[in-house]
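The values are calculated or read from the model by the stated rules, or taken from the named source; none is laboratory data. Since this is a predicted model, take the numbers as computed values, not measurements. The accessibility values were calculated without ligands, DNA or RNA, using every heavy atom of the protein model including side chains. Shrake-Rupley method; radii C 1.70, N 1.55, O 1.52, S 1.80 Å.
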Amino acid sequence: MIHGRIAKKLILYNRKVSIEPVVDKGPGSGMAAHKPLQLKTFLMILVMVLAGPVGNVLLGMGMKAASPVSFWPPVQLLQSGLRVFASVPIWLGILSLITFFVAYMLVLSWADYSFVQPVSSVAYGVVALLGWLVLGEKVSALRWAGIAVICLGVFVVSRTGAQTTSQLPAGNG
Amino acid sequence: MLVFILFTIIVAAGTGGELCVSRAMKRVGEAQSFHPMEIARVTLRALRQPWMWAGVAMMAFAFFALLGALSMYNVSFVVPVTALSYVAGAFGGAAFLGERVTWRRWVGVLLVTIGVTLVFFGKS
(Lines give C-alpha, C1' and ligand atoms only; values in the text may rest on other atoms or scores of the structure.)
Protein backbone atom coordinates (compact mmCIF):
# COMPACT_ATOMS: atom_id res chain seq x y z
CA MET A 1 0.00 0.00 0.00
CA ILE A 2 2.63 2.49 1.10
CA HIS A 3 4.96 1.38 -1.64
CA GLY A 4 2.16 1.82 -4.10
CA ARG A 5 1.58 5.35 -2.93
CA ILE A 6 5.22 6.25 -3.14
CA ALA A 7 5.42 4.77 -6.59
CA LYS A 8 2.43 6.80 -7.67
CA LYS A 9 4.03 9.95 -6.29
CA LEU A 10 7.24 9.20 -8.11
CA ILE A 11 5.37 8.69 -11.35
CA LEU A 12 3.53 11.97 -10.84
CA TYR A 13 6.79 13.69 -9.95
CA ASN A 14 8.51 12.38 -13.03
CA ARG A 15 5.62 13.38 -15.21
CA LYS A 16 5.69 16.89 -13.77
CA VAL A 17 9.39 17.17 -14.36
CA SER A 18 9.11 15.92 -17.88
CA ILE A 19 6.28 18.30 -18.76
CA GLU A 20 7.41 21.47 -17.05
CA PRO A 21 10.49 23.14 -18.44
CA VAL A 22 13.23 23.31 -15.83
CA VAL A 23 13.74 27.05 -16.12
CA ASP A 24 13.74 29.31 -13.08
CA LYS A 25 11.22 32.01 -13.85
CA GLY A 26 12.19 34.11 -10.85
CA PRO A 27 10.41 34.64 -7.52
CA GLY A 28 6.66 34.19 -7.40
CA SER A 29 6.45 32.20 -10.58
CA GLY A 30 5.77 28.86 -8.92
CA MET A 31 2.46 29.48 -7.22
CA ALA A 32 0.11 31.70 -9.17
CA ALA A 33 -1.50 33.36 -6.16
CA HIS A 34 -3.09 36.22 -8.07
CA LYS A 35 -4.87 35.36 -11.24
CA PRO A 36 -5.17 38.36 -13.54
CA LEU A 37 -8.63 39.91 -13.61
CA GLN A 38 -10.34 38.16 -16.47
CA LEU A 39 -12.02 40.18 -19.19
CA LYS A 40 -15.38 38.44 -18.70
CA THR A 41 -15.31 39.18 -14.95
CA PHE A 42 -14.50 42.82 -15.65
CA LEU A 43 -17.30 43.08 -18.26
CA MET A 44 -19.89 41.39 -16.00
CA ILE A 45 -19.02 43.68 -13.07
CA LEU A 46 -19.29 46.65 -15.43
CA VAL A 47 -22.78 45.44 -16.46
CA MET A 48 -23.67 45.06 -12.75
CA VAL A 49 -22.55 48.49 -11.58
CA LEU A 50 -24.29 50.12 -14.56
CA ALA A 51 -27.52 48.09 -14.86
CA GLY A 52 -28.30 48.21 -11.12
CA PRO A 53 -28.04 52.00 -10.72
CA VAL A 54 -29.69 52.66 -14.12
CA GLY A 55 -32.59 50.45 -13.00
CA ASN A 56 -32.94 52.35 -9.73
CA VAL A 57 -32.79 55.70 -11.51
CA LEU A 58 -35.46 54.59 -14.00
CA LEU A 59 -37.69 53.44 -11.12
CA GLY A 60 -37.10 56.82 -9.48
CA MET A 61 -38.05 58.62 -12.71
CA GLY A 62 -41.21 56.53 -13.10
CA MET A 63 -42.28 57.01 -9.50
CA LYS A 64 -41.62 60.77 -9.57
CA ALA A 65 -43.79 60.98 -12.69
CA ALA A 66 -46.55 58.96 -11.04
CA SER A 67 -46.46 60.88 -7.74
CA PRO A 68 -48.26 61.74 -5.57
CA VAL A 69 -48.85 58.12 -4.68
CA SER A 70 -51.51 57.70 -2.00
CA PHE A 71 -51.21 54.71 0.32
CA TRP A 72 -54.62 55.05 1.88
CA PRO A 73 -57.49 54.20 1.34
CA PRO A 74 -56.86 50.90 -0.54
CA VAL A 75 -58.87 52.04 -3.57
CA GLN A 76 -56.47 54.96 -4.00
CA LEU A 77 -53.48 52.65 -3.55
CA LEU A 78 -54.85 50.37 -6.29
CA GLN A 79 -55.34 53.36 -8.60
CA SER A 80 -51.78 54.57 -7.93
CA GLY A 81 -50.50 51.04 -8.51
CA LEU A 82 -52.21 50.81 -11.88
CA ARG A 83 -50.81 54.23 -12.85
CA VAL A 84 -47.30 53.15 -11.80
CA PHE A 85 -47.32 49.87 -13.72
CA ALA A 86 -48.66 51.57 -16.83
CA SER A 87 -45.49 53.69 -17.09
CA VAL A 88 -42.65 52.80 -19.44
CA PRO A 89 -39.69 53.84 -17.17
CA ILE A 90 -40.91 51.46 -14.44
CA TRP A 91 -40.83 48.46 -16.80
CA LEU A 92 -37.46 49.54 -18.24
CA GLY A 93 -36.21 49.84 -14.67
CA ILE A 94 -37.44 46.34 -13.81
CA LEU A 95 -35.78 45.00 -16.98
CA SER A 96 -32.55 46.73 -16.00
CA LEU A 97 -32.68 45.28 -12.47
CA ILE A 98 -33.24 41.79 -13.93
CA THR A 99 -30.16 42.33 -16.12
CA PHE A 100 -28.24 43.31 -12.98
CA PHE A 101 -29.43 40.19 -11.18
CA VAL A 102 -28.48 37.82 -14.01
CA ALA A 103 -25.02 39.42 -14.28
CA TYR A 104 -24.62 39.14 -10.49
CA MET A 105 -25.54 35.43 -10.51
CA LEU A 106 -23.26 34.72 -13.48
CA VAL A 107 -20.23 36.49 -12.00
CA LEU A 108 -20.79 34.79 -8.63
CA SER A 109 -20.69 31.41 -10.35
CA TRP A 110 -16.99 31.85 -11.12
CA ALA A 111 -15.64 34.74 -9.04
CA ASP A 112 -15.31 35.05 -5.25
CA TYR A 113 -18.18 36.63 -3.36
CA SER A 114 -15.65 38.49 -1.21
CA PHE A 115 -14.29 40.08 -4.39
CA VAL A 116 -17.60 40.80 -6.12
CA GLN A 117 -19.33 42.32 -3.10
CA PRO A 118 -16.95 45.23 -2.34
CA VAL A 119 -16.47 46.01 -6.02
CA SER A 120 -20.22 46.16 -6.57
CA SER A 121 -20.62 48.68 -3.74
CA VAL A 122 -19.29 51.18 -6.32
CA ALA A 123 -22.94 51.08 -7.45
CA TYR A 124 -23.88 53.34 -4.50
CA GLY A 125 -21.59 56.00 -5.93
CA VAL A 126 -22.92 55.44 -9.47
CA VAL A 127 -26.51 55.90 -8.23
CA ALA A 128 -25.63 59.23 -6.62
CA LEU A 129 -23.74 60.29 -9.75
CA LEU A 130 -26.67 59.38 -12.03
CA GLY A 131 -29.16 61.01 -9.66
CA TRP A 132 -27.10 64.18 -9.79
CA LEU A 133 -26.40 64.19 -13.55
CA VAL A 134 -29.62 62.70 -14.98
CA LEU A 135 -32.30 63.61 -12.46
CA GLY A 136 -30.71 66.87 -11.31
CA GLU A 137 -30.80 65.81 -7.65
CA LYS A 138 -28.80 67.88 -5.19
CA VAL A 139 -26.19 65.65 -3.52
CA SER A 140 -24.62 67.38 -0.51
CA ALA A 141 -20.97 66.91 0.52
CA LEU A 142 -22.17 65.11 3.65
CA ARG A 143 -24.06 62.60 1.49
CA TRP A 144 -21.01 61.95 -0.71
CA ALA A 145 -19.01 61.35 2.49
CA GLY A 146 -21.70 58.97 3.73
CA ILE A 147 -21.60 56.98 0.47
CA ALA A 148 -17.79 56.73 0.73
CA VAL A 149 -18.07 55.43 4.32
CA ILE A 150 -20.72 52.87 3.20
CA CYS A 151 -18.35 51.59 0.48
CA LEU A 152 -15.57 51.32 3.08
CA GLY A 153 -17.91 49.41 5.39
CA VAL A 154 -18.90 46.97 2.62
CA PHE A 155 -15.19 46.48 1.89
CA VAL A 156 -14.49 45.62 5.55
CA VAL A 157 -17.51 43.27 5.73
CA SER A 158 -16.37 41.39 2.63
CA ARG A 159 -12.81 41.01 3.96
CA THR A 160 -14.12 38.73 6.71
CA GLY A 161 -14.68 35.77 4.41
CA ALA A 162 -17.92 34.27 3.21
CA GLN A 163 -18.17 31.32 5.57
CA THR A 164 -17.98 31.44 9.35
CA THR A 165 -20.24 28.54 10.33
CA SER A 166 -17.66 25.82 9.87
CA GLN A 167 -13.90 26.05 9.90
CA LEU A 168 -11.46 23.86 8.07
CA PRO A 169 -8.91 22.06 10.21
CA ALA A 170 -5.39 23.44 10.10
CA GLY A 171 -3.63 22.40 6.95
CA ASN A 172 -1.19 19.52 7.36
CA GLY A 173 0.35 19.43 3.93
CA MET B 1 -42.64 58.79 10.26
CA LEU B 2 -43.64 57.25 6.93
CA VAL B 3 -39.98 57.33 5.86
CA PHE B 4 -39.02 55.09 8.80
CA ILE B 5 -41.86 52.65 8.13
CA LEU B 6 -40.93 52.37 4.43
CA PHE B 7 -37.21 51.87 5.09
CA THR B 8 -37.94 49.32 7.81
CA ILE B 9 -40.06 47.36 5.32
CA ILE B 10 -37.43 47.63 2.56
CA VAL B 11 -34.60 46.44 4.80
CA ALA B 12 -36.45 43.93 7.00
CA ALA B 13 -38.64 42.35 4.30
CA GLY B 14 -35.79 42.38 1.75
CA THR B 15 -33.29 40.72 4.09
CA GLY B 16 -35.93 38.39 5.55
CA GLY B 17 -36.91 37.36 2.03
CA GLU B 18 -33.30 36.63 1.11
CA LEU B 19 -32.85 34.56 4.29
CA CYS B 20 -36.00 32.55 3.46
CA VAL B 21 -34.91 31.98 -0.14
CA SER B 22 -31.42 30.89 0.93
CA ARG B 23 -32.97 28.51 3.47
CA ALA B 24 -35.23 27.04 0.76
CA MET B 25 -32.32 26.68 -1.67
CA LYS B 26 -30.22 24.89 0.95
CA ARG B 27 -33.00 22.30 1.21
CA VAL B 28 -33.27 21.99 -2.56
CA GLY B 29 -29.57 21.36 -2.96
CA GLU B 30 -27.03 22.39 -5.55
CA ALA B 31 -27.76 22.24 -9.26
CA GLN B 32 -25.54 19.54 -10.77
CA SER B 33 -25.26 21.14 -14.20
CA PHE B 34 -26.58 23.97 -16.36
CA HIS B 35 -28.56 21.53 -18.49
CA PRO B 36 -32.13 22.85 -19.09
CA MET B 37 -33.64 19.65 -17.64
CA GLU B 38 -31.58 19.98 -14.47
CA ILE B 39 -32.51 23.67 -14.11
CA ALA B 40 -36.21 22.79 -14.59
CA ARG B 41 -35.91 20.04 -11.96
CA VAL B 42 -34.27 22.39 -9.43
CA THR B 43 -36.84 25.13 -10.16
CA LEU B 44 -39.76 22.73 -9.62
CA ARG B 45 -38.23 21.47 -6.37
CA ALA B 46 -37.68 25.06 -5.21
CA LEU B 47 -41.31 25.98 -5.96
CA ARG B 48 -42.50 23.18 -3.68
CA GLN B 49 -40.70 24.73 -0.69
CA PRO B 50 -42.94 26.89 1.54
CA TRP B 51 -39.86 28.93 2.51
CA MET B 52 -39.44 29.89 -1.15
CA TRP B 53 -42.96 31.33 -1.35
CA ALA B 54 -42.52 33.17 1.94
CA GLY B 55 -39.25 34.60 0.64
CA VAL B 56 -40.66 35.70 -2.71
CA ALA B 57 -43.67 37.32 -1.01
CA MET B 58 -41.40 39.27 1.35
CA MET B 59 -39.09 40.39 -1.45
CA ALA B 60 -42.10 41.56 -3.50
CA PHE B 61 -43.36 43.50 -0.48
CA ALA B 62 -39.92 45.10 -0.11
CA PHE B 63 -39.93 46.04 -3.81
CA PHE B 64 -43.29 47.84 -3.49
CA ALA B 65 -42.01 49.68 -0.42
CA LEU B 66 -38.96 50.72 -2.48
CA LEU B 67 -41.28 52.09 -5.17
CA GLY B 68 -43.21 53.95 -2.49
CA ALA B 69 -40.02 55.48 -1.08
CA LEU B 70 -38.85 56.47 -4.57
CA SER B 71 -42.13 58.31 -5.17
CA MET B 72 -41.28 60.66 -2.31
CA TYR B 73 -37.51 60.86 -2.03
CA ASN B 74 -34.47 61.18 -4.30
CA VAL B 75 -32.77 58.09 -5.67
CA SER B 76 -29.41 59.30 -4.32
CA PHE B 77 -30.97 59.23 -0.85
CA VAL B 78 -33.05 56.04 -0.99
CA VAL B 79 -30.49 53.64 -2.47
CA PRO B 80 -27.62 54.35 0.00
CA VAL B 81 -30.01 53.93 2.94
CA THR B 82 -30.92 50.44 1.67
CA ALA B 83 -27.30 49.51 2.49
CA LEU B 84 -28.68 48.98 6.02
CA SER B 85 -29.49 45.49 4.73
CA TYR B 86 -25.83 44.64 5.49
CA VAL B 87 -26.60 45.42 9.14
CA ALA B 88 -29.83 43.40 9.06
CA GLY B 89 -27.97 40.59 7.28
CA ALA B 90 -25.34 40.36 10.01
CA PHE B 91 -27.98 40.26 12.76
CA GLY B 92 -30.23 37.91 10.80
CA GLY B 93 -27.37 35.56 9.94
CA ALA B 94 -26.33 35.44 13.60
CA ALA B 95 -29.89 34.99 14.92
CA PHE B 96 -31.55 32.69 12.37
CA LEU B 97 -28.76 30.83 10.59
CA GLY B 98 -26.41 30.40 13.57
CA GLU B 99 -23.53 32.10 11.76
CA ARG B 100 -20.66 33.32 13.89
CA VAL B 101 -20.21 37.01 13.08
CA THR B 102 -16.61 38.06 13.64
CA TRP B 103 -15.66 41.37 15.29
CA ARG B 104 -14.16 42.50 12.02
CA ARG B 105 -17.53 42.08 10.33
CA TRP B 106 -19.17 44.06 13.13
CA VAL B 107 -16.66 46.88 12.39
CA GLY B 108 -17.80 46.82 8.75
CA VAL B 109 -21.43 46.84 9.83
CA LEU B 110 -20.71 49.81 12.12
CA LEU B 111 -19.07 51.68 9.21
CA VAL B 112 -22.10 51.05 6.97
CA THR B 113 -24.35 52.37 9.74
CA ILE B 114 -22.22 55.51 10.12
CA GLY B 115 -22.30 56.01 6.34
CA VAL B 116 -26.09 55.67 6.20
CA THR B 117 -26.42 58.12 9.10
CA LEU B 118 -24.30 60.65 7.19
CA VAL B 119 -26.43 60.15 4.05
CA PHE B 120 -29.54 60.60 6.17
CA PHE B 121 -28.39 63.87 7.69
CA GLY B 122 -26.97 65.02 4.38
CA LYS B 123 -30.55 65.11 3.08
CA SER B 124 -30.72 68.61 1.61
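Can you tell me the convex hull volume per residue for chain B, based on C-alpha atoms, in Å³ to the nearest whole number?
So the per-residue Cα hull volume is 135 Å³.
Report, in whole Å, the centroid distance computed from the Cα atoms of region A:44-120 and region B:53-124.
Region A:44-120 and region B:53-124 have Cα centres separated by 16 Å.
Mind listing the phi-derived Karplus ³J(HN,Hα) values for region B:76-90, rounded to whole Hz, using 6.51, -1.76 and 1.60 with θ = phi - 60°, and x for any glycine or proline?
Computed from phi, the couplings for region B:76-90 are 6, 9, 5, 5, x, 5, 5, 5, 4, 5, 5, 5, 4, x, 5 Hz.
In whole Hz, what ³J(HN,Hα) sequence does region B:3-11 give by Karplus (6.51, -1.76, 1.60; θ = phi - 60°), x for Gly and Pro?
4, 5, 4, 4, 5, 4, 5, 4, 6
In square angstrom, rounded to the nearest 10, how much accessible surface does A:Lys64 have for a 1.4 Å probe?
Per-residue accessible area (A:Lys64): approximately 80 Å².
Please report the Cα spread of region A:35-92 along all three principal axes, rounded to whole Å, starting with the longest.
57, 17, 13
Angle, helix B:103-121 long axis vs. longest principal axis of chain B, Cα atoms, 0 to 90°, nearest 10?
It is inclined by approximately 50 degrees.
Rounded to the nearest 100 Å², what is the buried accessible area between B and A, both sides summed, probe 1.4 Å?
The B and A chains share an interface burying roughly 3400 Å².
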